[in-house]
Every structure is written in C-alpha cells, then in structure tokens.
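Okay, so here's the structure we're looking at.
The values are calculated or read from the model by the stated rules, or taken from the named source; none is laboratory data. Values in this document were obtained by computation on a predicted structure and should not be read as measured data. All Cβ positions, glycine included, derive from the backbone under ideal geometry; neighbour counts span all protein chains shown. Ligands, DNA and RNA are excluded from the accessible area calculation, which covers all protein heavy atoms including side chains. Shrake-Rupley method; radii C 1.70, N 1.55, O 1.52, S 1.80 Å.
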Amino acid sequence: MRTGLRATAVAAALLIGLTGCAGDALDALDEATGEGDNISLDATGLSRALPRDTDVGDAFQGSAPVTAQGAEAVELCTGRTDAPCEGVTLGGLRETVAGGSSDQRIDYLLFVFGSQEQATTHVEKMTAGWKKADVQKKRSVKPLTFDSGADTTEAFTYSDPEGTNVYMRVGSVVSYVAGSRVSAEKAQEAAKMQADRIRTIAAGHDPKK
C-alpha cells in the first residue's frame, strides 16, 4: 500500500511542479499519506496502532491495550525501557501470550515523541547495550537484518531465555517488539505488522482486520 500511495503523491507533485509548487505538494501529500518525516500519532491513533489478537495469528491473545499521556507516558517509558524518555508525549503497551501460556509471548510498546530527533536518540540508547561485545558474548546475542517497513530497524536474537527484540522508528513514533520463547521469524512477522499498522493509521486508513 505504501508504494501505491507514494507513487500517486509523486505523480501529483510532478504535475503541480509545472507551476513551481512541487515541493509544497509533496509535503502536503506526505502529511496526508503518512509518508516522510511527518508521521506521528494522536492518542486515538496510538490506541488503534497497538495490535489486536488476530494480527499475529489466533494463538496469541492478550488483555486490553494500556495507553498513557503526558507524565504517565514518560513513567511507562522509563519503567519499560533502558533509555532516556525526553520528549515522550504518548505511550502504549499490549502484552500477548500464546495459548494462554506465559512462556511464549510477544509484547508491544509504542511511544510518540515530540520530534523525530528525540525518537532517533531513544532508539539509539535502547539498542546500545545489545551492541556491546561482552553482552553479545554472555547472552549469545546476534543482530538481525530485515526490512520491517519502518524508517529504522534494529533487531537482536538472544538466549537464556530465548528471545528476539526489535526496535523501530517510524517518523516520531518508536516501536519496541519483544518476543520471548518465540522464533525469530515470528518476532519479525510481528514487527512488520506493527510498522504497517503505524503507517496505515497515520495515513488515516483502517488497518487490515
């Protein structure tokens, strides 16, 4: 869907460019389609962006999403991430487990920052620990490279216990997908779905049911 929306935007901008307004047209269309640096979410959008049970297969189910604003969002961020939370305006959490068992779970955290720069800094701080040689050796950490659909993606598998963490930034929205005792493939599937929901909802569309 992203490709089609962007192609339409570019075509429109090229036509308008004949009058010297291509840049303004692209900026406006980026804002309307959830492309470029304008991507963000309001409180309603953040709540909708948190995954539903069927988004990663019927096996994973969870309780209602938790959302927070202002100081409560900062508190959620500082309590669940090892990184500064300066600039956080909204936060959300959805925890899901497979077959009613807490052994296999996928948790989703979303945070909206006041700027893309603040979001970028947060992801860099969150992932710094996983890149340390001693940590990678102790926990058998292996970086993963895949296209999640986000602007930036950092992913790591680890052992003891087995898990995969995926950190993403889409505009000024930070996503943290944590898979515990699930395959790396399943965690990547969940991350791709999360990035797609963020972009789709930011563009004003309904995500796939």
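Out of curiosity, is S102 under 16 Å from A178 (Cα atoms) and of a type in the set (G, A, S)?
Spelling it out, S102 is indeed under 16 Å from A178 (Cα atoms) and of a type in the set (G, A, S).
Taking only the range 70-125 into account, find how many residues are of a type in the set (D, E, K, R) and touching a Leu at 6+ places or on another chain (Cβ under 9 Å).
3
When you look at Y108, is it farther than 23 Å from P51 by Cα and touching a Lys or Arg at 6+ places or on another chain (Cβ under 8 Å), yes or no?
Numbers: farther than 23 Å from P51 by Cα: no; touching a Lys or Arg at 6+ places or on another chain (Cβ under 8 Å): yes.
Criteria not met by Y108.
Out of A83, A73, A68, I need the residue that is closer than 23 Å to D53 by Cβ and more than 15 Å from the chain's Cα centre (by Cα). Which one?
Checking each option against the conditions leaves just A68.
Search the range 127-146 for residues that are at positive phi and pair each with any residue that is exposed (fewer than 14 other Cβ atoms within 10 Å of the Cβ) when their beta-carbon atoms are under 8 Å apart and the residues are at least 6 apart or on different chains.
Listed by first residue and then by second, the contacts come to S140/S159; S140/D160.
Condition check ((1) under 13 Å from the mean Cα position of the chain (by Cα); (2) more than 22 Å from F113 (Cβ to Cβ); (3) of a type in the set (A, V, I, L, M, F, W, C)) across all residues:
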residue: K142; (1), (2), (3): no, yes, no
residue: T145; (1), (2), (3): no, yes, no
residue: T152; (1), (2), (3): yes, no, no
residue: S172; (1), (2), (3): yes, no, no
residue: S180; (1), (2), (3): no, yes, no
residue: K186; (1), (2), (3): no, yes, no
residue: A191; (1), (2), (3): yes, no, yes
residue: R199; (1), (2), (3): yes, no, no
residue: H205; (1), (2), (3): no, yes, no
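Cβ-Cβ distance below 9 Å, separation of 6 or more or different chains: which pairs start in the range 61-86 with a residue that is of a type in the set (V, I, T) and end on one that is open to solvent by 80 Å² or more (accessible area, probe 1.4 Å) and in a helix (DSSP H, G or I)?
Taking only residues 6 or more apart or on different chains, the pairs are T81/K125.
Say whether the condition of being assigned to a helix (DSSP H, G or I), at pLDDT 95 or above, in contact with a Gly (Cβ under 6 Å, 6 or more places away or on another chain) and surrounded by 15 or more Cβ atoms within 10 Å (Cβ to Cβ) is met by at least one residue in the range 37-50.
Looking through the range 37-50, at least one residue is assigned to a helix (DSSP H, G or I), at pLDDT 95 or above, in contact with a Gly (Cβ under 6 Å, 6 or more places away or on another chain) and surrounded by 15 or more Cβ atoms within 10 Å (Cβ to Cβ).
Just checking, does the range 103-126 include any residue being part of a strand (DSSP E or B), loosely packed, with under 15 Cβ neighbours inside 10 Å and either touching a residue at least 40 places away in the same chain (Cβ under 8 Å) or small (G, A, S) (or both)?
Yes, the range 103-126 has at least one match.
Pick from the range 141-198 the residues that are assigned to a helix (DSSP H, G or I) and of a type in the set (D, E, K, R): which of them is surrounded by the most Cβ atoms within 10 Å (Cβ to Cβ)?
R197
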